[in-house]
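Notes follow the structure.
The values are calculated or read from the model by the stated rules, or taken from the named source; none is laboratory data. These numbers were taken from a predicted model, which means no experiment stands behind them. Quick reminder, even Gly has a Cβ in these numbers, built from the backbone with ideal geometry, and neighbours come from all protein chains shown.
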Amino acid sequence: MTVTDRELFSILDEADRLAFANLCAHIGEGNAIAFIGAGLSARLGFCDWKQLVDMLQKKVVVNRRPDSPPVVVADTTDLIWRAELVRNLLEASQYQSVLKRYFGRRTGRDVAVDAVSRIPFRHVFTTNYDESLERALARSRKGEPEIINWSDRTHVNNFMGCFAKDARAKRYLVYLHGKHDDPSSIVLTESDYRDRYARSDETTRRLFAVFAMRTVVFLGFSLTDLDLLTILREVRATHDAPGHYAILPLPEKENAHDARSRFQVKYGVTPIFYRPGKGKGKDRYPNFAPLMQALSERTTERNKRPGSSPQPKWVRWTQTDDFKTLRGKADPEDPQKGRFGREASRDGLTLQATAERDREEPGWYFLKLEVADPTRRLRGIVGFWVHDSFSSEYYAVRVHRGRATLSLRSWGAFTVGAVANQGRTPLELDLSQDRSLPRGFRTA
């Protein structure tokens, strides 16, 4: 069932709808990678981390000999350490057998999991141990992915070589923390994490490359994993603009604006917050499934004519050599200059701007960018590229009555690039040369 714009409005606020449109554009370009966490498997009845540790602890109690001392496990909020204590009370064969049987079981289907499997991610990483996502991807008609367990160094080396070359021959599903059919590879306890992330920097270096080279979308993650967050912070330190996305329920104890700023500034991640429900299990997050359906519908080829381009037509200009090579060449401090053909009017469309001084904060201006078609025939999405000092360098804006409008707050002038008409029409406007704008804005 198609998710309408009206339904999206009821799930996301204005800032999140804009971020959602940008995310669709990035996925449409064909290079986005998904990172899937336990939230997706939980929809199919698998337990979360705390429940898993509780289950293992019960196994210890059941197997305890009558003459053995009582089982004592520290009541700690550090689940990784608690998992370490519990595993030390189980024989290795028992521990691995529990994980293999529990995560190897087959489950039913879930609409959100199936929707995620249809989103055209270039590759998929998961920290889950079960095969539910693997089976969903096989059903998605995109071809079964190449499966990799991160503990297999040979296969990981092959993947990283393919990843660096952006080879299109294969799509990979990477089990980052192991898989149930090889329980010795599962990362769950303190010693597992130490071996995977701390004892050797191999995993850290490789994930740094993944986060630095591609747009990553986190789904089913709470983004509290300190090992991943540390890598994201290091990548953020070398990249000025947030490049990744995370779809999360609205925070309960933090203002959404503050949480959004924290994720963007610290980790380079733009969160898309959706409204949670009041129930339990799936009912706790009833808006997640329609949001995944909307993301799938807006990024797949289901409505295209047979034989059409595998990329959304409105991003075709981004595949040209000019777009790929000219960023910052004309002026390193004005990255879009010369990248979009240096013409503000083309094919009956005009890229124009207005700027109004912010009377409360001197030096700042309310800037409105607009691609306009006087015939009102313009449809679909217009992409805007702005200065990299903004929270995002790219914005996707839906056309309304022949116009696509983007409102920003800016200190001074820069060059704006836009792409319209399903990718066929690039437009470029140097705001510093537009004499219709206030002089104070143009010369700042």
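When the range 243-258 is examined, which residues are found to be modelled with pLDDT under 85 and under 13 Å from residue 212 (Cβ atoms)?
If the condition is that a residue be modelled with pLDDT under 85 and under 13 Å from residue 212 (Cβ atoms), then 243 is the only one that fits.
Which one of these does residue 441 not meet: (1) buried (at least 18 other Cβ atoms within 10 Å of the Cβ); (2) part of a strand (DSSP E or B)?
Here residue 441 meets the rest and fails (2).
Output the number of residues of the range 398-424 satisfying the condition of being crowded, with 20+ Cβ neighbours inside 10 Å and at pLDDT below 85.
Matching residues across the range 398-424 total 1.
Within the range 70-81, is even one residue within 27 Å of the chain's Cα centre (by Cα), assigned to a loop (DSSP other than H, G, I, E, B), more than 29 Å from residue 292 (Cβ to Cβ) and modelled with pLDDT of 80 or more?
Checked the range 70-81: at least one residue is within 27 Å of the chain's Cα centre (by Cα), assigned to a loop (DSSP other than H, G, I, E, B), more than 29 Å from residue 292 (Cβ to Cβ) and modelled with pLDDT of 80 or more.
Being at pLDDT below 90 and either basic (Lys, Arg) or touching a strand residue (DSSP E or B) at 6+ places or on another chain (Cβ under 8 Å) (or both) is the filter here, so list the residues in the range 383-397 that pass it.
Listed by number, the residues that qualify are 383, 390, 391, 392, 393, 394, 395, 396, 397.
Name every residue in the range 205-254 that is closer than 15 Å to residue 266 by Cα, touching a Ser or Thr at 6+ places or on another chain (Cβ under 8 Å) and in contact (Cβ under 8 Å) with a residue 40 or more places away in the chain, in order of residue number.
Passing the criteria: 225, 240, 241, 242, 245.
All but one of (1) at pLDDT below 85; (2) among the aliphatic types (A, V, I, L, M); (3) over 16 Å from residue 246 (Cβ atoms) hold for residue 15; which doesn't?
All conditions pass for residue 15, except number (3).
Please pick out the residue among 117, 151, 140 that is buried (at least 16 other Cβ atoms within 10 Å of the Cβ), in contact (Cβ under 8 Å) with a residue 12 or more places away in the chain, touching a helix residue (DSSP H, G or I) at 6+ places or on another chain (Cβ under 9 Å) and more than 13 Å from residue 34 (Cβ to Cβ).
Testing whether each residue is buried (at least 16 other Cβ atoms within 10 Å of the Cβ), in contact (Cβ under 8 Å) with a residue 12 or more places away in the chain, touching a helix residue (DSSP H, G or I) at 6+ places or on another chain (Cβ under 9 Å) and more than 13 Å from residue 34 (Cβ to Cβ) leaves just 151.
How many of the residues making up the range 404-444 are farther than 28 Å from residue 319 by Cα, without any contact (Cβ under 8 Å) to a residue 40 or more places away in the chain and of a type in the set (A, V, I, L, M)?
Here the count works out to 0.
Need at least 2 residues that are under 20 Å from the mean Cα position of the chain (by Cα) per element, so show me which strands (runs of 3 or more DSSP E) inside the range 122-232 make the cut, counting only ones lying wholly within it.
123-126, 172-175, 216-219
Of all the residues that make up the range 332-352, how many are assigned to a loop (DSSP other than H, G, I, E, B) and either on the phi > 0 side of the Ramachandran plot or of a type in the set (Gly, Ala, Ser) (or both)?
Going through the range 332-352 one residue at a time, the tally reaches 6.
Looking only at the range 367-409, which residues are among the hydroxyl-bearing types (Ser, Thr, Tyr), out of contact with any Ser or Thr (no Cβ under 8 Å at 6 or more places or on another chain) and closer than 25 Å to residue 441 by Cα?
Across the range 367-409, the qualifying residues are 389, 394, 395, 405, 407.
Could you tell me which residue of the range 421-440 is nearest to residue 331 (Cα to Cα), considering only residues that are charged (D, E, K, R) and under 30 Å from the mean Cα position of the chain (by Cα)?
If we take residues in the range 421-440 being charged (D, E, K, R) and under 30 Å from the mean Cα position of the chain (by Cα), then 428 is nearest to residue 331 (Cα to Cα).
With respect to residue 44, determine if the residue is over 34 Å from the mean Cα position of the chain (by Cα), outside any helix (DSSP H, G or I) and modelled with pLDDT of 85 or more.
Judged against the criteria, residue 44 is not a match.
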